[in-house]
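The values are calculated or read from the model by the stated rules, or taken from the named source; none is laboratory data. Quantities reported herein were computed from a predicted structural model and do not represent experimental measurements. Glycine gets a Cβ as well: all are built from the backbone with ideal geometry, and neighbour counts include every protein chain shown.
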Amino acid sequence: MTLFWILAVILIASAVFTVTQRSPVYSVVGLLTNFLALAALYLTLNAEFLAIIQVVVYSGAILMLFVFVIALLSSGVGPFREGPDRLPRVLLPALAASLAGLGFLVYAVARVPLGPLPAHRPTSTLGQAGAADVFGSVSDFGVALFTTHLLPFEITALVLMVAVVGVILIAGDAAPLPTRGRHRKAAREREPIVKAGR
Amino acid sequence: MSGVPAFAAAAAAPLLAVWLLPLIGAVALWALGPALKRTAGVLGSLTVLAAFGIAAALFPAATQNGGVHVPLVTWIPGYAFGLWLDPLSLIWTLIITGVGGLIHVYSIGYMWNDRAIARFFAYLNFFVFSMLTLVLSDNVVGLLVGWGLVGLASYFLIGFWFQRPSAVAAARKAFVINVFGDIGIMFAVFAIYQQTGSIAFADVFAKAPSLAPGIVFAICLGLFIGAAAKSAQVPLHTWLPDAMEGPTPVSALIHAATMVTAGVYLVARFAPLWNASPSAQTLVAVVGAITALTGALLGIAQWDIKRILAYSTMSQIGYMILGVGVGAYQAGVLHFFTHAFFKAQLFLGAGLIIHALHDEQDVRKMGGLSRRLPFAFWAMLLGTLAIMGFPGFSGYFSKDAVIEGALLHGHPVLAAVAALTAGITAYYMFRMIFLTFFGPYRGDVDEFSLGMPLRVHAAAHEPDQEHGGHAPDWIMQLPVAILMVPTVLAGWLSFGTESPWSRFFGGLFGAGEPAAPFPEWITTSGVLLLVALGLVVAYLRYGSPGAQAAAIDRLRAESRGMPQILVRGFYFDDLIEFAAVKPAAWLGEIFSRYVDPHVIDGAVRDVVWLAGALGYVMRALQNGLVRAYALTIVVGTACFLAYFAFIGAVK
Amino acid sequence: MSVDVSNYVVLAAVMFFIGVAGVLLRRNPLIVLMSIELMFNAANLALVAFSRVWVNNAGHIFVFLVVTVAAAEAAIGLAIVVALFRRAKNVDVDEVAELRG
């Protein structure tokens, strides 16, 4: 019980920290804390496999991606420069809309009596870890993923491949210029888009 | 009254020919007219005269077995259109085509030099067709169609010389007043169909006795409003004097002999309905008597020869309406019959005078024409003797019949009014004769000495004339000469108790005439006394040698001293101007000055402004900023969540 | 479980709207992307909580798919940020307003 509240406080605090920091590196650290707290919360909900996935994939891969991009963007430039604020006076409406949405959502949830929690399969103990009938275990998750939900899994693979291709196209190097003929001249005239400047 | 008889094969085609020949003529003349020039007149006259011949040949068929019935189209049950030639419609058909044909021939001469002569004959033929549609229909809707077409033809013909603003205004006035009457008759037709479920006369008359009295009165009232407008009864009479702007043959045909008698036909045709509503009959009779008297009184004050005749027409139609109103249908129709002849003759004779004097119409500028135009003099004299009821002439019989009928059906006051009107008629008609034909010729006396208003000769408004010779005299004189015969003799058809006239109609109008409480000669002599009185007064004022010698001074004095109430036509024109024209003009002014620019145009402008304003607002939303778009999404999501929080399905 | 499941859901909601506020109020695109990650995780938390209530694996599977898609989306988003950085040396969300109406 107390565990929940401690983790909840850490979760919210780190989330606020993430959103409000000036420097993106600090925000990354805050996000990391948030993810770890979240993994702990998953564990309290008997979702062991997901807790590990959260740490490994989210904190381990995605956050590292953020760190690398920060590094790329700040190389030799100094602190990030930002242009003029083109949407002043947005604080109040934004906060109002967010709080309103939050209020309505909480109210909607509170209206629903969820009833008593059903009996669950026994949680894994050291002796029964990994058994397939244990809710939230790896075996349980694996069986479901590769039998009942095989199609979404395969489509996910497709999504990832599309993402990789997209990243290469968007952020990759510009195509090499043609070396001769009229295409070369035209390509040279198109160049300024690739080179920096505005 | 017998119903509509079965189809008589032998007479069907001729009846259709009678009806359609004028239409064919009208269409042909409209299409080919400009190429035909003067032969258009011959063609137009031939169609109408042929129709007359065929109608005359149908005389035996029309008077037997209830007449000739030709069903044409049955649209839905209860909506059957057809033609019906019975004694009543036969009389009207013969007058329309006969007198109409003579007037067509006359017009060949009268319109000899007019550039639009073909258009004139096309319109005249169209008018004959419309009038025949009106009288030959066997159903109320066909009658209504003819009614409307006749009004249209009248508009065409009054405004024939459309280069004249006064003619255009007169045509418009006639049409608007007629439309006002059309509203009445339309509602009556609606009520008839609703009450009886059919439009055919036979069905309507069969159901007439079973209708509620209030309904019958309402129907009769609607019909009479239409009849009053078409037949120029008070207070819808103001268009008739102005209608004299049309060429004289038009005045003769439409505004004397036929169109204005459509109201009389209406009352006579719907006799079963009228017999079922005594209050409606009283209304009709009273209006007729008032109109007769008013027309006569106003005729005293006129100086234009055609306007004198116009007011006399109005007065005589009042007689006819009085006759059919009291229930003396045969008397009313007899007066229509005789009036058609002598009024046509009077108008055509006036046309001869106008033509000879090169479009001079004011009586004050005439005089002594009995020596210069002897033929016209005899024509007008015979017509005048007929109209005032000189014993033996046609008008004498018909007027007496109307007055007798009023007495016999229990309207002594109206009979007295009619008798008084006869006297006044004699006075003003002979005033016209004396001023026109006797004494020295005043054509070269200046207008001021005669008390006339100053004239403005606007050459631009004169009718479009060519100058290519003159019409031979006999073209215009022949129809007038032919008309002299029935003018004098037609009345004798009703002489005697078992006259050809009463046998002709048989039991068409219901029960016969009630018996006379006192011998006929008492009323006749009373009327003759009044007529003689009128004649004497006219002679003393205008015809005596002393009066003729002092004619110029007397005319000047009379012109200046004419009572204003008579000159202004009992202020009817002013009343209509005040009650109808001014409010309409005021309404139009409001609409054009305020409603149109501010409300209607304003609404359009406001829609445009709204589109612009909305666009301006929407443009602020499209600022390209991601954060703004995100805010919009969040606000929308909050609303969505609100729905689910408070209303949405939760269970 | 002594803690009511509604607590988890409310917690997820709060975290979600913190992420929303971050998206609306920050101009650095990296921070915006991190706020979006917060929102994803909030949804994941709710999914896991409800999956615990109904003792059903499908929630876990769905969370797995969400994680995957979030990863793909973060990658693409960062690629776009890099491409923008190359064009104009400041990174500000407000500057990419080319589709102005």
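Summary table
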quantity: Residue within segment B:600-609 that is surrounded by 13 or more Cβ atoms within 10 Å (Cβ to Cβ) and more than 30 Å from B:Ala296 (Cβ to Cβ) present; calculated: yes
quantity: Matching entry among A:Leu105, A:Leu72, A:Leu50, A:Leu41 (being part of a helix (DSSP H, G or I), surrounded by fewer than 20 Cβ atoms within 10 Å (Cβ to Cβ) and either at pLDDT 85 or above or within 7 Å of chain C (Cβ to nearest Cβ) (or both)); calculated: A:Leu72
quantity: Residue in segment C:53-74 that is at positive phi and either among the basic types (Lys, Arg) or more than 13 Å from chain B (Cβ to nearest Cβ) (or both) present; calculated: yes
quantity: Hits in segment A:144-160 - residues which are part of a helix (DSSP H, G or I), at the interface with chain C (Cβ under 9 Å from one of its Cβ atoms) and not small (Gly, Ala, Ser); calculated: A:Leu145, A:Thr148, A:Pro152, A:Phe153, A:Ile155, A:Thr156, A:Val159, A:Leu160
quantity: Residue list for segment B:463-506, restricted to those being at pLDDT 65 or above and not in a helix (DSSP H, G or I); calculated: B:His470, B:Ala471, B:Pro472, B:Phe495, B:Gly496, B:Thr497, B:Glu498, B:Ser499, B:Gly506
quantity: Helices (runs of 4 or more DSSP H) contained in segment B:551-651 and holding at least 3 residues away from chain C (no Cβ under 14 Å) and in contact (Cβ under 8 Å) with a residue 60 or more places away in the chain; calculated: B:551-561, B:572-576
quantity: Unmet criterion (only one of (1) within 19 Å of B:Val204 (Cβ to Cβ); (2) in contact (Cβ under 8 Å) with a residue 12 or more places away in the chain; (3) of a type in the set (S, T, N, Q)) for B:Thr74; calculated: (2)
quantity: Counted residues, segment C:44-101 - those being more than 20 Å from A:Gln54 (Cα to Cα), over 19 Å from the mean Cα position of the chain (by Cα) and assigned to a helix (DSSP H, G or I); calculated: 10
quantity: A:Phe141 being in a helix (DSSP H, G or I), at pLDDT 90 or above, touching a Leu at 6+ places or on another chain (Cβ under 9 Å) and surrounded by 13 or more Cβ atoms within 10 Å (Cβ to Cβ); calculated: no
quantity: Candidates B:Glu558, B:Glu589, filtered to the one that is among the acidic types (Asp, Glu) and surrounded by 11 or more Cβ atoms within 10 Å (Cβ to Cβ); calculated: B:Glu558
quantity: Enumeration of residues in segment B:73-111 that are under 30 Å from B:Leu493 (Cα atoms) and outside any helix (DSSP H, G or I); calculated: B:Leu83, B:Trp84, B:Leu85, B:Asp86
quantity: Set C:Asn28, C:Asn90: member being at the interface with another protein chain (Cβ under 7 Å from one of its Cβ atoms), out of contact with any helix residue (DSSP H, G or I) (no Cβ under 8 Å at 6 or more places or on another chain) and not acidic (Asp, Glu); calculated: C:Asn90
quantity: Residues that are among the charged types (D, E, K, R) and either buried (at least 24 other Cβ atoms within 10 Å of the Cβ) or closer than 18 Å to B:Val18 by Cβ (or both), drawn from segment B:102-157; calculated: B:Asp138
quantity: Exclusive hit being within 14 Å of the chain's Cα centre (by Cα) and of a type in the set (A, V, I, L, M), set C:Val32, C:Val10; calculated: C:Val32
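For every residue, the table says whether it meets (1) touching a Ser or Thr at 6+ places or on another chain (Cβ under 9 Å); (2) modelled with pLDDT under 90.
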position: A:Val55; (1), (2): no, no
position: A:Gly60; (1), (2): no, no
position: A:Arg81; (1), (2): no, yes
position: A:Arg89; (1), (2): no, yes
position: A:Ala96; (1), (2): no, yes
position: A:Leu114; (1), (2): yes, yes
position: A:Pro118; (1), (2): no, yes
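Conditions tested, residue by residue: (1) of a type in the set (A, V, I, L, M); (2) within 30 Å of B:Asp203 (Cβ to Cβ); (3) touching a residue at least 40 places away in the same chain (Cβ under 8 Å).
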site: B:Ala12; (1), (2), (3): yes, yes, yes
site: B:Val18; (1), (2), (3): yes, yes, yes
site: B:Lys37; (1), (2), (3): no, no, yes
site: B:Leu43; (1), (2), (3): yes, no, yes
site: B:Gln64; (1), (2), (3): no, yes, no
site: B:Ser89; (1), (2), (3): no, yes, yes
site: B:Ile95; (1), (2), (3): yes, yes, yes
site: B:Gly100; (1), (2), (3): no, no, yes
